[in-house]
1. Computed FRET efficiency, Cβ-Cβ of F23 and R83, R0 30 Å: what is it to the nearest 0.05?
2. If neighbour count is taken as other Cβ atoms inside 10 Å, put I65, I24 in order from fewest to most.
3. Nearest 0.05, what FRET efficiency do S37 and R60 give at R0 = 41 Å with Cβ-Cβ as r?
Amino acid sequence: MEEIVRTQIMIMRVSVDFSRFTFILVTLALLVLVGCSRPPEIIGIDNPELRAEAEALSTRHRIFITSTRAPSDEPGALLSANRARTLGLASVDVL
């Protein structure tokens, strides 16, 4: 009888360890997938729908950008998902 109880306890320990291992493995896999996803595109640099009153009341700021991303060929997108061979420098005026 004691051996049956010991066997059941060992089976329970193995199943708990396996579920922890599975949880850790799935979490690591999700982190790797999220880390390898492509960066979002910066869209809407010029916003023609901005009202003139809001633009008059706002303050203009110049932001300097340093990136290893290649410039984008798409209108309205500043950077692409591709890497550049050199460090890119840019400035953007933000309202």
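1. On the way: r = 34 Å, r/R0 = 1.14.
Efficiency, rounded to the nearest 0.05: 0.30.
2. I24, I65
3. Working from the Cβ atoms, E equals 0.80.
Bear in mind these aren't lab numbers, they're just calculated from the coordinates by the rules spelled out. All of these numbers come straight from a predicted model, not from anything done at the bench. Because the Cβ atoms are built from the backbone with ideal geometry, glycine has one as well, and the counts that use them run over all protein chains shown.
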